[in-house]
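See structure below.
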2 protein chains.
Amino acid sequence: MRRYSLGFDFGTESARALLLDVDTVEIVATTAYTYPHGVIDRTLPGSGNPLPPDWALQDPSDWLEAMEKTAREVMRQSKIAPESVIGIGVDFTACTIMPTTDDGTPLCYLDTYREEIHAWPKLWKHHAAWSQCERINRIAAARNEPWLQRYGGAICSEWVMPKALQMLEESPSVYLAAGRIIEGGDWIVWQLTGALVRNSCGAGYKATWNKKHGYPSAEFLSALHPDLSDLYAHKMAGPIMVPGTRAGALNAKWSRRLGLPCGISIASAAIDAHVAVLGCRLAKPATMFMIMGTSTCHMLISEREVLVPGISGVVEDGIVPGLFGYEAGQAAVGDAFAWFVKNHIPKEYADEAERSGKSIHDLMSAKSSLLRPGQSGLLALDWWNGNRSIPADASLSGMLIGYTLTTRPEDVYRAIIESTAFGARIIIEKFIQSGVPVSEIMAGGGLTKNQFVMQVYADVIGRDIKVTTEQHASAMGAAILGAIAAGKEKGGYASHAEAVVFMTTPVQQIYHPNPGNVEIYNRLYAEYKRLTGYFGHGENDVMKLLRRLRD
Amino acid sequence: MRRYSLGFDFGTESARALLLDVDTVEIVATTAYTYPHGVIDRTLPGSGNPLPPDWALQDPSDWLEAMEKTAREVMRQSKIAPESVIGIGVDFTACTIMPTTDDGTPLCYLDTYREEIHAWPKLWKHHAAWSQCERINRIAAARNEPWLQRYGGAICSEWVMPKALQMLEESPSVYLAAGRIIEGGDWIVWQLTGALVRNSCGAGYKATWNKKHGYPSAEFLSALHPDLSDLYAHKMAGPIMVPGTRAGALNAKWSRRLGLPCGISIASAAIDAHVAVLGCRLAKPATMFMIMGTSTCHMLISEREVLVPGISGVVEDGIVPGLFGYEAGQAAVGDAFAWFVKNHIPKEYADEAERSGKSIHDLMSAKSSLLRPGQSGLLALDWWNGNRSIPADASLSGMLIGYTLTTRPEDVYRAIIESTAFGARIIIEKFIQSGVPVSEIMAGGGLTKNQFVMQVYADVIGRDIKVTTEQHASAMGAAILGAIAAGKEKGGYASHAEAVVFMTTPVQQIYHPNPGNVEIYNRLYAEYKRLTGYFGHGENDVMKLLRRLRD
């Protein structure tokens, strides 16, 4: 009998299910479901309560609905027997956390808290905790907290501590009512199994947990706020398992909802970006994997631990057991392109796209690709959503310089794309300079479909970039986790290493840098770095002032 | 019998005629005519030869056609007798120069040169001579040229020397073939009278001429380029007269074309911005007059000469005889707003404007006016067309900082408007700091119709701003020049002083600053000044590098 594993991938706008044939490593079926409430960033569903700037929430019901609908759909499509599914794996955006009761009920489900914006899940890209984050970093640096350097010298406003502190400060009643604060991925596993288990990937990268040293101390938490001291000891409590560890078995309630037998092995969760490394069978040292979507995650595995300033973090067991997983990131990539297309595309361009049957992005890429490097006359800092890595400061913002009266939309579009490539180059160079080798660069994610974007990246970075064929890397990784959790005896995989070794890395296309373009981009990159130094490292804090005046 | 004077105002996109009742100072009729070729900035008419970036040309036939059509139209409307017109005055954009033969035939009219881009009139906003201008300023500073400090320490790429040097370097044959190089306004007077006369306004502000010291020396011109030495002695030769001086009489050819009697007094020309001071009856010391249109000119009259760094210039007899006229400017104001509206307004906004029957500018102003100062989170440097005053460097470019994923079009529109107000404030403060008093601020020009824009200016500058009722200040000024040229005996005015003294200054509305807004803008202005220092005064020359890479 063939064995299958089911992976659930919970993204920003939608969730996907993927059914994997464990033996052939083939995708049997996959489908996605768009969240009815999408990203909640203007008003709260139901009450219509307005959200302040930089807020981004989700509705947990969207996740559950998506899980049920996609699972039933892949089973329907594949026509396989439910009994042949041996494992279920889950990946999720992170840090996407919410407060729940002790039994895991989201506070936003309760009438008392439903109209309270802090009771809802804060999506990874919720950036309203930046002032809390600045304070955390300042106090941690002053106290010389030992964990700080594992996170490049500064944690990010997207993570657990800033988000929890914001909740405590702005809505103490919600914070006090929260029996648990939990990542979306762990909450899904809790729903499926009835057991509260946390994963070392989320805990390590987003909750500053370390395999040897655990969480930051209660003493440090007290220094931030007296009432925060129980955050890790109580609200974040729970066993921590490497992703793919068997967290439990599918319970009766979710057996009914998914139409799958009770007892199927449920793997402990993982972060979507990190599990994509496994999904692309790249879980080996010195391969930089850029997952390029709304934002970009930069994943790198190494046999040794180096403290790299300005990166997101280094976590032992963070991606695969026994190795050090490095993460860096860019907070807005596809999101920045989408921002431009939503806000700054004139009617005549929109009409032209419609006439020619092209998407706006395809039209703009086509127009922008006709420009040679430098021809736009523009240079941008790609911090539309703050800066996640190098210098790692969420309170920074985007900049465009070089406007003239002849600047056209395609000039700006290209400059924004180039700026994200400069941002990626800064990260790659920092790893190498710090002694973490990068022998090859792989890319995956939705943006890799855009050949123009990928060629700009190769030209800016000045190295070959290999694009994986794997279109659903995270969902694939989640399914692999499910097969690992099922284990060899049940027909799954014995270990992460086995899962990676017997599969080949699927490469679709290699982008080679054009030497002439590389030369011009080297000059522009020098200017980009200089402006990064000026605006990003404290020489001129105008971006922070603008944010303060705005809020 | 009533006496009338006819003013012609040659602008960027159109020309206007205005018929003035000399005794009542009332406008009898006025009409405008849009140039068929408009601003030529992409391809040359006829041949379709492409223009490089930053080029801006006009077609002299457009001017002549406009003069004929508008003169006949105001005569038709007014039904006055042609014999009752005693004078004609002309104002023109400047520096708008072209090469002609010795008899005044534009070189672009000749088959030999028609396809040659340098044979056409270079409009004031032609900015492709910026590298020549940098060289002129560098060499003049090194030689300690005495005239340089009258122009704030640097001349502008829009002026005669850079444009002529660009012509010489890029198209020596055109330069050599040019018997004359002449401002559009002087050329029009030449057409009307048959006599080549130059005006002290154009010569002083755009050709670095001085009443006491004349033009820069042939020795200096030789230091720029050996073949440039005859520029002032030959190609720019001709008597220089204060605007309003009688340059000659209407000749037979143009008597026929205009349908007006031969012999009418023709006044020597003036620059459109400068004559507007007269047109608003503001030709008195310490009144700052901002003429706000596609660009803004800042005019100020004083009894004494002070050398102010970074302004456009100070010229004795430049505006009225016997006083010192100061000019400063902002190269893109309405042009920057128009750039935004043309390039960055999304379809849904365009559709909303159409549905509500509003212009895009009205819609955007309405949306932007709902924001409080600072709420956009953005700050801009308003140098979309380079910087004309303070620091006075045409190779600078526009900048926007503070973008986030929630930045909307109205945020950017407001930030661009605010940036032009910051630019105006820098100029006003510089005059005062330098010892040229500014006791009141008047504004005129098309942009003053926008109440939102004017309130932002009052709030940013922190002073009352009075808006003149005079909607056609330049054409009005030109008509006043015509009446001065006609003189007292013919029923005109005896002098500029008389023209100003017996008329009242028409004020339509006063904008008072809102103290709360002033406070926030003071903080943003401090940041604007700091960025001006960083990008505009040589600390970081990235704008210049971007321009070089583009070209």
message = Among the residues in the stretch A:515-530, are any among the hydrophobic types (A, V, I, L, M, F, W, C), within 14 Å of chain B (Cβ to nearest Cβ), free of Cβ contacts under 8 Å to residues at least 24 places away in the same chain and surrounded by 18 or more Cβ atoms within 10 Å (Cβ to Cβ)?
response = no
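Scan the stretch A:323-333 and give yes if some residue there is β-branched (Val, Ile, Thr), at negative phi, more than 9 Å from chain B (Cβ to nearest Cβ) and out of contact with any strand residue (DSSP E or B) (no Cβ under 7 Å at 6 or more places or on another chain), otherwise no.
There is no residue in the stretch A:323-333 that is β-branched (Val, Ile, Thr), at negative phi, more than 9 Å from chain B (Cβ to nearest Cβ) and out of contact with any strand residue (DSSP E or B) (no Cβ under 7 Å at 6 or more places or on another chain).
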remark   = Matching residues in the stretch A:95-122 (of a type in the set (S, T, N, Q) and crowded, with 23+ Cβ neighbours inside 10 Å) number 2
key: Residue under evaluation residue A:542, criteria (1) without any contact (Cβ under 8 Å) to a residue 40 or more places away in the chain; (2) in contact with a Leu (Cβ under 7 Å, 6 or more places away or on another chain); (3) more than 14 Å from chain B (Cβ to nearest Cβ), criterion not met   = (3)
query = Any idea which residue in the stretch B:16-48 is nearest to residue B:109 (Cα to Cα), counting only those that are in a strand (DSSP E or B) and of a type in the set (D, E, K, R)?
reply = B:16
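Would you point out the residue of the stretch A:153-169, among those that are modelled with pLDDT under 95 and open to solvent by 10 Å² or more (accessible area, probe 1.4 Å), that is farthest from residue A:271 (Cα to Cα)?
Selected residue: A:153.
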inquiry  = Just to be sure before I move on: is residue A:534 within 14 Å of chain B (Cβ to nearest Cβ), under 30 Å from residue B:375 (Cα atoms) and not in a loop (DSSP other than H, G, I, E, B) in the structure I sent?
reply    = yes
remark   = Note: among A:315, A:308, just one is open to solvent by less than 10 Å² (accessible area, probe 1.4 Å), in a strand (DSSP E or B), away from every other protein chain (no Cβ under 11 Å) and among the β-branched types (Val, Ile, Thr), namely A:315
task = Inspect all residues belonging to the stretch A:370-381 and state whether any of them is of a type outside the set (Asp, Glu), surrounded by fewer than 17 Cβ atoms within 10 Å (Cβ to Cβ) and more than 7 Å from chain B (Cβ to nearest Cβ).
result = yes
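Test of understanding: among A:65, A:26, which residue is under 22 Å from residue A:500 (Cα atoms) and open to solvent by 50 Å² or more (accessible area, probe 1.4 Å)?
Working: A:65 fails: under 22 Å from residue A:500 (Cα atoms).
None of the others qualify; the one that does is A:26.
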request  = Kindly indicate whether residue B:363 is within 26 Å of residue B:508 (Cβ to Cβ), within 14 Å of chain A (Cβ to nearest Cβ), modelled with pLDDT of 95 or more and surrounded by 20 or more Cβ atoms within 10 Å (Cβ to Cβ).
outcome  = yes
remark   = Considering residues that are of a type outside the set (D, E, K, R), free of Cβ contacts under 8 Å to residues at least 40 places away in the same chain and either crowded, with 19+ Cβ neighbours inside 10 Å or more than 8 Å from chain A (Cβ to nearest Cβ) (or both), the number found within the stretch B:342-359 is 5
task = Return yes when residue A:185 is in contact (Cβ under 8 Å) with a residue 60 or more places away in the chain and crowded, with 24+ Cβ neighbours inside 10 Å and no when it is not.
result = yes
key: Complete set of residues in the stretch B:383-392 that are open to solvent by 10 Å² or more (accessible area, probe 1.4 Å) and either at pLDDT 95 or above or within 10 Å of chain A (Cβ to nearest Cβ) (or both)   = B:385
query = If you check residue B:539 against the conditions, is it touching a Gly at 6+ places or on another chain (Cβ under 8 Å) and exposed (fewer than 14 other Cβ atoms within 10 Å of the Cβ)?
reply = yes
task = Just name the residue that is nearest to the other protein chains (Cβ to nearest Cβ) out of those in the stretch A:393-403 that are of a type in the set (Gly, Ala, Ser) and under 13 Å from residue A:547 (Cα atoms).
result = A:398
key: In the stretch B:241-257, the residues that are without any contact (Cβ under 8 Å) to a residue 40 or more places away in the chain and under 25 Å from the mean Cα position of the chain (by Cα)   = none
remark   = Note on the stretch A:448-475: residues open to solvent by 10 Å² or more (accessible area, probe 1.4 Å) and part of a strand (DSSP E or B) are A:466
query = If you go through the stretch A:393-447 one residue at a time, how many are assigned to a loop (DSSP other than H, G, I, E, B) and either β-branched (Val, Ile, Thr) or open to solvent by less than 10 Å² (accessible area, probe 1.4 Å) (or both)?
reply = 8
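Against the condition open to solvent by 10 Å² or more (accessible area, probe 1.4 Å) and among the charged types (D, E, K, R), how does residue B:198 come out, does it pass?
no
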Which listed residue is among the polar types (S, T, N, Q) and more than 22 Å from residue B:479 (Cα to Cα), from B:96, B:100, B:70 = B:100
Some residue of the stretch B:84-95 being closer than 30 Å to residue B:311 by Cα, among the aliphatic types (A, V, I, L, M) and in contact with a strand residue (DSSP E or B) (Cβ under 9 Å, 6 or more places away or on another chain) = yes
query = For the stretch A:366-382, what are the residues that are under 25 Å from the mean Cα position of the chain (by Cα) and either closer than 14 Å to residue A:340 by Cβ or modelled with pLDDT under 95 (or both)?
reply = A:380, A:382
request  = Among the residues of the stretch B:208-257, write down those that are in a loop (DSSP other than H, G, I, E, B), open to solvent by 40 Å² or more (accessible area, probe 1.4 Å) and out of contact with any Leu (no Cβ under 7 Å at 6 or more places or on another chain).
outcome  = B:211, B:212, B:213, B:215, B:217, B:230, B:239, B:245
remark   = Counting only residues in the stretch A:72-94 that are outside any strand (DSSP E or B) and open to solvent by less than 30 Å² (accessible area, probe 1.4 Å), the one nearest to residue A:249 (Cα to Cα) is identified as A:84
inquiry  = As an exercise: evaluate residue A:145 against (1) outside any helix (DSSP H, G or I); (2) within 27 Å of residue A:38 (Cα to Cα) and give the number of the one condition it does not meet.
reply    = (2)
message = Being modelled with pLDDT of 95 or more, assigned to a helix (DSSP H, G or I) and more than 14 Å from every other protein chain (Cβ to nearest Cβ): is that true of residue A:481 here?
response = yes
Number of the exception - residue B:12 against (1) assigned to a loop (DSSP other than H, G, I, E, B); (2) over 30 Å from residue B:550 (Cβ atoms); (3) β-branched (Val, Ile, Thr) = (2)
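The values are calculated or read from the model by the stated rules, or taken from the named source; none is laboratory data. Quantities reported herein were computed from a predicted structural model and do not represent experimental measurements. Please note: Cβ atoms are built from the backbone with ideal geometry, for glycine as well, and neighbour counts cover all protein chains shown. Note: accessible area is taken over every heavy atom of the protein model, side chains too, but ligands, DNA and RNA are not part of it. Shrake-Rupley method; radii C 1.70, N 1.55, O 1.52, S 1.80 Å.
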